[in-house]
1. Could you bin all the Cα-Cα distances of segment 531-578 into 10 Å bins starting at 0 and give me the percent of pairs in each, rounded to whole numbers?
2. From a point 7 Å beyond the Cα of D549 in the direction of its Cβ, which residues of segment 599-617 have a backbone N at a distance under 20 Å?
3. Between T46 and D587, how many nm apart are label points set 7 Å from Cα along the C-beta direction?
4. Which of W433, W174 has the fewest other C-beta atoms within 10 Å, and how do the rest follow up to the most?
5. Based on other C-beta atoms within 10 Å, arrange V139, V559 from fewest to most.
6. So for E141, E558, fewest C-beta neighbours within 10 Å to most, what's the order?
7. Taking H as built 1.01 Å from N, whose amide H comes closer than 5 Å to the amide H of D336, not counting residues under 5 places away?
8. Just to check, using Stokes-Einstein with a Kirkwood Rh over alpha carbon pairs, what's the diffusion coefficient of segment 439-715 at 4 °C and 1.567 mPa s in µm²/s?
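Every number in this text was worked out from the coordinates using simple rules, so none of it is lab data. Predicted, not measured: the structure shown is a model, and the values here were computed from it. Backbone-built Cβ (ideal geometry, glycine too); neighbour counts: all protein chains shown.
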Amino acid sequence: MTGNRRGRRGVVLAAVVLFGGVPVGLPRAPAAGEDSPGAFTYLRSTDGGEHFAPLELQDLNAPVGITHVAAEGGFVHAVYDSGNNDHAPRQVRYRRSTDGGRSFAVSRRLDVVDGRGSPANGDSSESDVGADGENVSVVWEDDKLLAGGDVDPCCALDHPEENPSNQNRDDIFWAASTDAGKSFSVPVNITRSDDVHNRDPDVALDDQIVAVVYEGDDVIGRALTDEDDVLFQASTDGGASWGDELNLTFDVGGSQTEPALDTAGDAVHIVYQDGEPDEIFRIGYIRLQHDGTDPTPPALLPGPQATGPAVLALGDTVHVVACELPAEDDPSDTADLLYYRGSDDGKRTTFAPPVVLASPVGCDQPALDGRADDLHIAVRAEDAGLHQEIWYLRSQDGGGSFTAARNVSNNPMASGDPSVSVDAANGSPHLAWNDETVFLFALRDGQELPLEHGDMRTFADEDVIQYTGGAYRTVLDGSDVGLAGFRIDALARLSPFELVLSFTDPGELPGAGWVEDSDLVLFTAGRLGQTTRGTFSPYFDGSDIGLTDPSEGIDAVEVVQNLDPDTGMSTGVDLYLSTRGSFTTRDGMSGEDEDIVVCRGMILGPDSACAATQVGFDGSDAGLAGSGEGLDAFSFDGVGPGLDDEEFSSYYSTTGDFAVPGASGTGSDALECLHPEATPAATDPLPECGRSSMPLLKVFDGKANLLVENLSAVEFPFKA
């Protein structure tokens, strides 16, 4: 994948591709011993949530969608959707830990059709997992596909009057394990709805009780409406048989969506998002017996408009969290995180008005679990008005008070779909979410960092390292390709297997000859990863544009290819550089170590040249003028400067400690400048960074992610 996008410019970036017993009467599905694709961030705590240890349950070749985790009796069960359905159906993948979350077995695919593990042909997504003892249940939404790979629109084509919303056919599937995830049954379709769009299932277990709630179309006769209902099914014998499907909100106007449930005693507690006419959203609640009998009439919880509820039932207390909808006509109104507590008298549940736990920007997707008086909440919300992060709160007094929300994802890009589970055996909380953050970097000096499977590795200063949400991986092992005597201090990616590099000191490099610290070399990989193979060749000679003094060594680089907006063809390449100290180019342009030089119309070959040079970013104007505030790493993400139809971000790291109006930190941190859309395109948008309208904000905290050494180079790929 190249970095070209619509418009005038595109950054030359690309993603590097790195590499039991079952219920009676249900056939056994084999456990596949294969790695699967995706990115899944997981944290565990052994001290009740004071500290978390990160682990990356990493799929290597495809994005991850919904993520869920369930902890029970020292086992941790993780499920997630893998893929994006662009080229193949999505899959439901499962991984388990038998040591409390310290390590996980390789993933297996659950959406199979027989005991041999033959893959299903549907598009499987929206997975959820529940556990009780050694019983584990996984549910998901399966969209049936036609032979060509398109979703089956069910009756819409032949009988449009029966499907006015033209929705596709899909069902809720369930697979189970009775040996703590060692083996799973072949999936069972528990809905078999030929002309109904069922989706977003949630599952809860209590011994042999399996309770499932999901969204479905409001069906009158055989005619589908544009409204949605909350549907429920339960099994009282571990899934050997299922009761009738119950429509719990058939008589309620509007749509009822985003259901969640929990069990306690002989009761099931269900919450949902009630969209009454005119889209006035409230949180709805229903209580019923395990077998689906005696449902209470749907009731609305007190309080403001809210969405996305989660529920936890502990004894006679029912806990609910949701996100308030901010007023559309009031920009200052925040999406408050709301907490409701209900008392259960055995016949009905009554709730007090909600308490505001936090007032974040963009509150969304709260998750909730706990035991006794110990409650744990994870929620997605924006960090300083930038990207969505995962925030964590805890109560130790049954919801009477909560800790302040703290950012546990702390990633430069978006995180979503949080999940939290508390192991009742020891009270350990486990968190999970999906993560779009993937970037490359090099370190000023080597250090030990955690790998995706929990082991540790010492990375050297000649290595290129990948960060993905809390774990690290080798992309380029410098010692494998002759870089043991070099230290990387500049990095840019041209293609999946082409990296542009610069080094702090001169030396003889195989394939490239003598290399100065102001030169750039091209590494063309035959193999990336812990065993690296490839060749070096000259790329750009800095002395040809006047970079000859020791202070003029290149210590950061980015390459941007200009595109014709009509043809998409290249119209030239611009090279962005930063130097170790002050510099003066051959044409008389000068700057300092906190500045970025733009080489317009870069010419490669024996005599490197620029059509023109200019200062593209003046660090002192952005507040970077003190000792230690020189730039030694920067990168562009999304699209390049000057593109007139999309936003992009620029990222910066400094040589040492920094303090700007929007943030302070160290050389292991990264700052972001989020550039708004510009129509027509701004020729030089970088100078605006650091001003009040486009502040520099810290988006990566090196210390929080175990980095003790400075970032000497960074490269942010396109966002997922």
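1. 19, 36, 30, 15, 1
2. Hits in segment 599-617 for D549 at 20 Å: 599, 613-617.
3. 6.0
4. On the way: W433 30, W174 23.
Lowest count first: W174, W433.
5. V559, V139
6. Ranking E141, E558 by Cβ neighbours within 10 Å, fewest first, gives E141, E558.
7. The list, which skips near neighbours in sequence, is E324.
8. For these conditions, the coefficient is 69 µm²/s.
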